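Bear in mind that the values in this text are calculations on the coordinates, not laboratory data. Since the structure is predicted, the reported quantities are computational estimates derived from the model, not experimental observations. So basically every Cβ, Gly included, is an ideal-geometry build from the backbone, and we count neighbours across all protein chains shown.
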Amino acid sequence: MTAAIALGGSSMKAKWGTPDIVGIYRARSSHAIHFPPEIVTAEVKVNPAEAVTAFGQAVAYRLFSHKTYVVLPDSLDEDEKTRLEALCLLLGVGLVFFKRDPRAPAFVARVRAQRFAPDLFYANEFAERLRAHHREKFDQVFG
């Protein structure tokens with residue numbers, strides 16, 4: 001990841017349009033092969049009961065993201081983990097579990113996100129909302 005910021009909540013006044021984490025992956029000048037920047041987003045929930053909501057939000061972020069992840073505590077029961085894994089594989093959403101220990105969350109990727117081309121209308125709309133509500137964070141990611 002070249003740059004990443006924490007957003008979260010509805011700080012940009014858009015229902016299901018404000019990911020908890022936004023990052024951008026850019027080619028380095030030292031890379032032999034350059035590629036366009038990729039927007040990567042993640043929805044993080046600490047309450048396992050919000051797994052379905054988190055998944056729905058992560059799917060919605062595919063409108064403006066190249067890759068999107070859902071990040072949940074590993075305390076979900078195994079049936080729920082397996083169901084979420086199947087849905088994530090089906091829709092190309094990454095799935096990450098973590099231990100609910102703030103000092104050592106131990107993130108484990110269960111499904112890697114697939115790369116999709118976002119709708120550029122929504123990608124630009126997202127960038128403009130970020131610039132309007134959090135100029136300093138916009139500059140960190142897109143500047």
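So which residue, out of R62, R26, R115, gets the largest mean-square fluctuation from a GNM of the chain using Cα contacts under 10 Å as springs?
Highest fluctuation of the listed residues: R26.
Neighbour counts of other C-beta atoms within 10 Å: give me V52, V44, V70 arranged from fewest to most.
Listing V52, V44, V70 from fewest to most nearby Cβ atoms yields V52, V44, V70.
Could you give the spread of the C-alpha atoms of the chain along their three principal axes, from largest to smallest, in whole angstroms?
42, 38, 32
Order of T82, T68 from fewest to most other C-beta atoms within 10 Å?
T82, T68
Could I have the simple spin-label model distance between A6 and L89, label points 7 Å from Cα toward Cβ, reported in nm to one decimal?
Once both label points are built, they end up 3.3 nm from each other.
Tell me what the chain gives for mean residue ellipticity at 222 nm when only DSSP H runs of n ≥ 4 count, each as -39,500 (n - 2.57), the sum divided by the residue total, rounded to 500 deg cm²/dmol.
-10000 deg cm²/dmol
Among rounded, prolate and oblate, which fits segment 91-143 when a ≥ b ≥ c are the square roots of the eigenvalues of its C-alpha gyration tensor, a/c under 1.5 means rounded, and a/b larger than b/c means prolate?
oblate
Tell me, in nm to one decimal, what length is gained between E128 and E78 on full extension, where the rule is 0.36 nm per residue of separation less the Cα-Cα distance?
14.0 nm
Go through 120-130, 14-24 and give me the packing order, highest mean Cβ count within 10 Å leading.
The most tightly packed comes first, giving 14-24, 120-130.
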